[in-house]
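J.: Here's a structure for you.
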Amino acid sequence: MKNNTLKTSIIPKTMISKKNILFKIGILLFLALAFFSCASRKDIVYYQNIDGTASKEKTNSYEVTIQPDDLLMIIVSTEDPEIAIPFNLKTVSVVSPGKQDLVRGAESNQLYLVDSAGFIDFPVIGKLKIGGMTRTEVLQMLQDRITVYIKNPVINLRIMNFKVSVQGEVVFPGTYPVNSERITLIEALAMAKDLTIYGVRKNILIIREVNGIKSYNRVDITKADFINSPYYYLTQNDVIYVEPNKNRINGAAIGTNAGIIISVTSLLITLITLIVK
């Protein structure tokens, strides 16, 4: 009779102890999920201090500079088209692959390639050093040189291979051509369909090369005053990298070992269930 009383008093205590263990494991799992799923406003929202940022009547003065490997289309025109012909590169016929049977292909202006030293070879005038100059400066120089030969020339200049690259935690990373010669960091991110929820908005890296010298800068787009930084406007061939936050990094680490984690967790649950029974 004494042994039966002892058994009935021990079993409930053991079961209660094991249930407490399961309860504590459940609480830890809940807290872990809550910790990793939390995201504060200051880490996500853009332009948080914009109301306290002094507004400026004029936007940042910005003009693109010509760099080596730029492809330029420069067209000189006058009232008499025949006079301007020597100052323009010849047009070439471009036939798409598989369409050689067409009578005529599309005509396209030849482009000037800025060499590694920053020079182009301009008709009649000869070699011109334009690397590092702004578009306005190049136009003024051409105006001065060509006016010697032509009265009131009209000169148009455009960079034909202007592009930026967006990498990292954005929806659609890639290299994006830019039709104009003025693009902001926000516009580039918008072309990539914005940052994912895992992108670090406070530490966006911009890699830039000017005259063969690379520079690296970090931008915090949660603070509105970044619009006054020299990296608000991008230059051709800029690379924007959005690094992943800790949740994404931890998730990637878990993902590679997901099979092992699931197997171990299942085994532990099975063992605990058998012990409780």
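J.: Go through (1) in a loop (DSSP other than H, G, I, E, B); (2) over 15 Å from TYR233 (Cα atoms); (3) open to solvent by 30 Å² or more (accessible area, probe 1.4 Å) and name the single condition THR136 misses.
T.: If we test THR136 against (1) in a loop (DSSP other than H, G, I, E, B); (2) over 15 Å from TYR233 (Cα atoms); (3) open to solvent by 30 Å² or more (accessible area, probe 1.4 Å), just (1) comes out false.
J.: Condition first: touching a residue at least 60 places away in the same chain (Cβ under 8 Å), assigned to a strand (DSSP E or B) and either touching a His at 6+ places or on another chain (Cβ under 7 Å) or not hydrophobic (A, V, I, L, M, F, W, C) (or both). Now tell me which residues in the range 190-214 satisfy that.
T.: Residue satisfying the conditions is GLU209 alone.
J.: Quick check on my filter: what residues within the range 42-99 are β-branched (Val, Ile, Thr), at pLDDT 70 or above and either in a strand (DSSP E or B) or in contact with a Cys (Cβ under 6 Å, 6 or more places away or on another chain) (or both)?
T.: Our first condition is that a residue be β-branched (Val, Ile, Thr); within the range 42-99, this holds for 44-45, 50, 53, 59, 64-66, 74-76, 78, 83, 85, 91-92, 94-95.
Keeping just the survivors that are at pLDDT 70 or above gives 45, 64-66, 74-76, 78, 83, 85, 91.
THR65, ILE74, ILE75, VAL76, THR91 - these are the residues of the range 42-99 that are β-branched (Val, Ile, Thr), at pLDDT 70 or above and either in a strand (DSSP E or B) or in contact with a Cys (Cβ under 6 Å, 6 or more places away or on another chain) (or both).
J.: Now, a different point. Please go through the range 116-133 and pick out each residue that is in a loop (DSSP other than H, G, I, E, B) and either under 35 Å from the mean Cα position of the chain (by Cα) or basic (Lys, Arg) (or both).
T.: Step one: list which residues in the range 116-133 are in a loop (DSSP other than H, G, I, E, B), which gives 116-118, 123-125, 130-133.
Of everything in the range 116-133, those that are in a loop (DSSP other than H, G, I, E, B) and either under 35 Å from the mean Cα position of the chain (by Cα) or basic (Lys, Arg) (or both) turn out to be SER116, ALA117, GLY118, ILE130, GLY131, GLY132, MET133.
J.: Another question, then. Scan the range 180-209 for residues that are closer than 23 Å to GLN67 by Cβ, open to solvent by less than 60 Å² (accessible area, probe 1.4 Å) and hydrophobic (A, V, I, L, M, F, W, C) and jot them down.
T.: ILE183, LEU185, ILE186, ALA188, LEU189, ALA192, ILE204, LEU205, ILE206, ILE207
J.: Taking the condition of being in contact with a strand residue (DSSP E or B) (Cβ under 8 Å, 6 or more places away or on another chain), open to solvent by 40 Å² or more (accessible area, probe 1.4 Å) and either among the charged types (D, E, K, R) or outside any strand (DSSP E or B) (or both), how many residues in the range 146-160 meet it?
T.: Count: 2.
J.: Identify all residues within the range 196-207 that are at pLDDT below 95 and in contact with a Lys or Arg (Cβ under 7 Å, 6 or more places away or on another chain); write none if there are none.
T.: TYR198, ASN203
J.: Find the residue count for the range 100-115, including only residues that are at pLDDT 75 or above and either touching a His at 6+ places or on another chain (Cβ under 8 Å) or part of a strand (DSSP E or B) (or both). Full working, then the answer.
T.: We begin by selecting, within the range 100-115, every residue at pLDDT 75 or above; these are 110-115.
Remaining after also requiring either touching a His at 6+ places or on another chain (Cβ under 8 Å) or part of a strand (DSSP E or B) (or both): 112-113.
So the answer is 2.
Quick grid of which residues meet (1) among the acidic types (Asp, Glu); (2) in contact (Cβ under 8 Å) with a residue 60 or more places away in the chain; (3) within 30 Å of ASP80 (Cα to Cα):
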residue	(1), (2), (3)
THR134	no, yes, yes
GLN143	no, no, yes
ARG182	no, yes, no
ALA188	no, no, no
TYR216	no, no, no
ASP220	yes, no, no
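J.: Tell me which residues, restricted to the range 230-253, are polar (S, T, N, Q) and either crowded, with 17+ Cβ neighbours inside 10 Å or under 21 Å from VAL178 (Cα atoms) (or both).
T.: Our first condition is that a residue be polar (S, T, N, Q); within the range 230-253, this holds for 235-237, 245, 247, 250.
Scanning the range 230-253 gives THR235, GLN236, ASN237, ASN245.
The values are calculated or read from the model by the stated rules, or taken from the named source; none is laboratory data. All of these numbers come straight from a predicted model, not from anything done at the bench. So basically every Cβ, Gly included, is an ideal-geometry build from the backbone, and we count neighbours across all protein chains shown. Side chains included, ligands, DNA and RNA excluded: accessible areas come from the protein's heavy atoms. Shrake-Rupley method; radii C 1.70, N 1.55, O 1.52, S 1.80 Å.
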